[in-house]
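J.: Would you mind keeping the following structure in view while I ask a few things?
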Amino acid sequence: MKLKDFKPQSKLVTKSTRVDKPKFPVIDAHNHLGEPFGGGWDQKPLSKLLDLLDEAKSFYIKTLMPHTRPLDAIKARVYLKQGRLSKAEEWVNKQGLSVEDELVYFREFEHIILAQVLLAEYQNTRDEGIILKALRLLERLLKAAEDGKRLGSGLQILVTQVLAYQAKGDTSSAYASVERTLTLAQPEGYFRIFVDEANPCDHCSWGFEGQSKGNRPATSMNCRGM
């Protein structure tokens, strides 16, 4: 028998079980918060999401695998969305996070949230030292993500970098980060991350409307239409 003619048929017969809903409450807080996959969480108050995160935490079973997206870090991110900066700062202090930390993969998400907390602090105080700390941390995080070939993390870091540069008023650097982000995101079809991070593309489209050198208008168009 030739290899191309070898087509074995499975004879395994086993019971199938239809699962209509999870045994425990689970939230994919990274994406898919809207219908039909996430229960319409993009339309519900953030306070209800916090309650469900607390409920999910009570069911969490610790394993030997590192937990790379701790629920408390996700809650800190929700606090920032609510404008409750002090609560997010409490989380930073409780975790002992610092911009000088050694960067390791299993705490990468927490350090990204730290950078977002620093950005929120800068927007409140306009302290130049704070935004410079955030940008340095983001550069280090980006290099670590690129070295580890973690595209998803890299995009999240770049989008946060765009917001940081824009808050600082550094339009040129913000635009360069937008171009870099889109170049990486488009081939893989990433979209949700742009919406999750306060829709930075909206800022970029009006912020760079007047820049029309080379292929830049196409980049701005892609930014709106992804």
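The values are calculated or read from the model by the stated rules, or taken from the named source; none is laboratory data. Note that this is a predicted model, so its numbers are computed, not measured. Ideal geometry is used to build each Cβ from the backbone, glycine not excepted, and the neighbour counts take in all protein chains shown.
J.: Mind listing whichever residues of the stretch 20-63 are modelled with pLDDT of 65 or more and either in contact with a Ser or Thr (Cβ under 7 Å, 6 or more places away or on another chain) or among the small types (Gly, Ala, Ser) (or both)?
T.: Gly40, Ser47, Ala56, Ser58
J.: Something else about it: Being of a type in the set (Lys, Arg) and in contact with a helix residue (DSSP H, G or I) (Cβ under 7 Å, 6 or more places away or on another chain), is that true of even one residue in the stretch 120-138?
T.: So the first thing to find is which residues in the stretch 120-138 are of a type in the set (Lys, Arg), and the list is 126, 133, 136.
Subset that is in contact with a helix residue (DSSP H, G or I) (Cβ under 7 Å, 6 or more places away or on another chain): 133.
Within the stretch 120-138, one or more residues are of a type in the set (Lys, Arg) and in contact with a helix residue (DSSP H, G or I) (Cβ under 7 Å, 6 or more places away or on another chain).
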